[in-house]
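Presented below is the structure to which this report refers.
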Amino acid sequence: MKLCLSIAPNTMREALRILHAYQTTSELIEVLIDGIRDLNLAQILQQPRPKLLITNRKKDEGGKFIGSASQQHGILSEAIRLGADYVDVEFSWGEMFVKRITSQSNKTKIICSYHNFIETPNNLESLYQRMRKTGAHIIKIATTANNITDNKLIFDLLKQSRKDRQKLIALCMGEAGEISRILGGMYGNYLTYTSLTEKDKTADGQLTYDELKNLYQADKLNHRTKVFGLVGNPVKHSKGISFHNKIFSRRRLNAVYVNFLLNDLPKFLSTFRNIFTGLSITMPFKEEIVDLLDYVEIDASRLGVCNTIIKRNGKLVGFNTDLPAVVSLLKKRTNLRGKKVIVLGTGATSKTMAFATFSNNCKTTIIGRNPKRAEILAKELGCEWTTFENLSSLDANILMNGTSVGMTGTKKIRLVPLKFFRKGMIVFDAVSDPIMTTLLHDATETDCRIITGVEFFEHQAQLQSKLFIESIR
């Protein structure tokens, strides 16, 4: 799959500066000319230059061009005459319009494009077949993913195009559609669009060149690539994509790790079961996933919490690498027997923390904002519970936070009053972004020993990575 750098300059000076900087690149560059106030196509297309795709996007398809069909025809015809390598023609101009442009294409390859900024329609194959009738060299279909399963419709369309030997660019826009821009090459996608930097993105959900080229190695993926990923909501700030992809690259494994942003877990599993080999599971699905698996490893089963899935012989097998990570990190710092432990929260991570300490002979107390949930969880595990109002009256050797409070994007809330901390206390925060949360900052100010969310993530991810690599081999 080719990588196409997409740029949207506002002036000729800006356009020429970028093209000069990338003069020797082997990648294709798309120049969105509809926003250039002082447009001069001859200057843009003069040699020496990289291979260029000229796009003059209509306003109702996300661009700035508001001219007539005749004006559009004139601009695209000039681009062809001046030797553009590719020209984008929107299908919405009509089949005859696209045919006229294609008939005069000479050596220029014509991309017939369709954009849907609302949804991914179910009739994609019908649309694709109508677009093929234009005779354009390449078909482009870009839709909006409202849920993760919309990407599967794009992958199925790419499979069909491969059977037809039709060059197709197909992708989903939006955060939920990011995986289509990465995994498309596995299904024969002709190219995927990318931006120079984060702030230069020309479409919603577009990834940077560095991400696609160096992190995901998207241009090297093929039908044999093993797919792994993080299932959760949110997933944007996950460190897993960097951690696991670096290991795959270092070991030269034909595998990739992506983020799966979703709302409906059962639907995702049924839709993508034949696509992924292994998964990391994060909030809010660590408990829901357990009943959807074919087999669950004993500790994960006893706990009722799973953060890792491996597909073995078509069966989904669940593991919990958080649990041994919690135990290992605590034992590196202290002898757990008889320690007084407070766990903040009642979710899956908090449950894992409480189980880890209680099962290692600690006096464990769960503190929840919802008294009923705290009581139910404490009874399930066999430990104590109370509410945040009573925190100050408690004593602890170890304090652990399994909530999302402190995570980037959440309100800055002080869960624990400063007077609660004691010198030498171990304070463990599962939040990994930022590294130093308010809780950990307060803990260091009072000479506590801390365990960061990054340390926790890396420890469990190393255990997870072993499972992933074993599943490849």
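The values are calculated or read from the model by the stated rules, or taken from the named source; none is laboratory data. Predicted, not measured: the structure shown is a model, and the values here were computed from it. When we count neighbours, we look across all protein chains shown, and the Cβ atoms used for this are built from the backbone with ideal geometry, even at glycine.
I'd like to verify a number: residues in the range 432-441 that are buried (at least 19 other Cβ atoms within 10 Å of the Cβ) and either of a type outside the set (Ser, Thr, Tyr) or more than 27 Å from the chain's Cα centre (by Cα) (or both), how many? Spell out how you get there, then give the answer.
From the range 432-441, those buried (at least 19 other Cβ atoms within 10 Å of the Cβ) are 432, 437, 439-440; that's our starting set.
Narrowing the set further to residues that are either of a type outside the set (Ser, Thr, Tyr) or more than 27 Å from the chain's Cα centre (by Cα) (or both) leaves 439-440.
Of the residues in the range 432-441, 2 are buried (at least 19 other Cβ atoms within 10 Å of the Cβ) and either of a type outside the set (Ser, Thr, Tyr) or more than 27 Å from the chain's Cα centre (by Cα) (or both).
How many residues are touching a helix residue (DSSP H, G or I) at 6+ places or on another chain (Cβ under 6 Å) and either among the acidic types (Asp, Glu) or at pLDDT below 95 (or both) if we restrict to the range 431-473?
The total comes to 4.
Taking Asn401, is it at pLDDT 95 or above and farther than 21 Å from Thr346 by Cβ? Break it down stepwise before answering.
On the way: at pLDDT 95 or above: yes; farther than 21 Å from Thr346 by Cβ: no.
No.
I'm told Glu78 meets every condition in (1) acidic (Asp, Glu); (2) modelled with pLDDT under 95; (3) more than 15 Å from Glu90 (Cβ to Cβ) except one. Can you identify the failing condition by its number?
(2)
Quick check on Leu158: is it within 17 Å of the chain's Cα centre (by Cα) and either modelled with pLDDT of 95 or more or more than 20 Å from Gln72 (Cβ to Cβ) (or both)?
no
Since Met353 meets every condition but one in (1) surrounded by 18 or more Cβ atoms within 10 Å (Cβ to Cβ); (2) more than 20 Å from Val416 (Cα to Cα), which condition does it not meet?
With (1) surrounded by 18 or more Cβ atoms within 10 Å (Cβ to Cβ); (2) more than 20 Å from Val416 (Cα to Cα) applied to Met353, the lone miss is (2).
Can you say whether Ser26 is part of a strand (DSSP E or B) and assigned by TED's automatic domain parsing to the domain that holds Phe155, as far as the supplied structure shows? Step through it out loud before you land on a result.
Details: part of a strand (DSSP E or B): no; assigned by TED's automatic domain parsing to the domain that holds Phe155: yes.
The answer is no for Ser26.
Condition first: among the acidic types (Asp, Glu), surrounded by 14 or more Cβ atoms within 10 Å (Cβ to Cβ) and not in a loop (DSSP other than H, G, I, E, B). Can you find one or more residues in the range 59-77 that meet it? Steps first, answer last, please.
Within the range 59-77, the subset among the acidic types (Asp, Glu) is 60-61.
Still in the running and surrounded by 14 or more Cβ atoms within 10 Å (Cβ to Cβ): 61.
The next check asks that each one be not in a loop (DSSP other than H, G, I, E, B); those that pass are 61.
Yes, there is a match, as at least one residue in the range 59-77 is among the acidic types (Asp, Glu), surrounded by 14 or more Cβ atoms within 10 Å (Cβ to Cβ) and not in a loop (DSSP other than H, G, I, E, B).
Does Asn335 fit the bill of being farther than 17 Å from Thr452 by Cα and surrounded by fewer than 16 Cβ atoms within 10 Å (Cβ to Cβ)? Can you show your working first?
Details: farther than 17 Å from Thr452 by Cα: yes; surrounded by fewer than 16 Cβ atoms within 10 Å (Cβ to Cβ): yes.
Here the answer is yes, as Asn335 does meet what is asked.
Looking only at the range 334-376, how many residues end up being part of a helix (DSSP H, G or I) and of a type outside the set (Lys, Arg)?
The qualifying residues number 14.
Of all residues in the range 123-154 being in a helix (DSSP H, G or I) and aliphatic (A, V, I, L, M), which is farthest from the chain's Cα centre (by Cα)? Explain how you work it out, then say what you get.
Within the range 123-154, the subset in a helix (DSSP H, G or I) is 124-132, 150-154.
Among the residues that remain, those that are also aliphatic (A, V, I, L, M) are: 124, 127, 131, 153-154.
Numbers: Leu124: 24, Leu127: 28, Met131: 30, Leu153: 18, Ile154: 17 Å.
Within the range 123-154, the match that is farthest from the chain's Cα centre (by Cα) is Met131.
If I go through the range 363-419 residue by residue, how many of them are of a type in the set (Val, Ile, Thr), surrounded by 20 or more Cβ atoms within 10 Å (Cβ to Cβ) and within 16 Å of Leu440 (Cα to Cα)? Working first, answer last.
So the first thing to find is which residues in the range 363-419 are of a type in the set (Val, Ile, Thr), and the list is 364-367, 376, 386-387, 398, 403, 405, 408, 410, 413, 416.
The next check asks that each one be surrounded by 20 or more Cβ atoms within 10 Å (Cβ to Cβ); those that pass are 364-367, 398, 403, 405, 416.
Filter once more, keeping what is within 16 Å of Leu440 (Cα to Cα): 398, 403, 405, 416.
Residues meeting the conditions: 4.
Which strands (runs of 3 or more DSSP E) sit wholly inside the range 158-233 and have at least 2 residues that are closer than 21 Å to Leu127 by Cα?
Numbers: elements: 167-173, 191-195, 226-232.
Fully inside the range 158-233 and qualifying: 167-173, 191-195.
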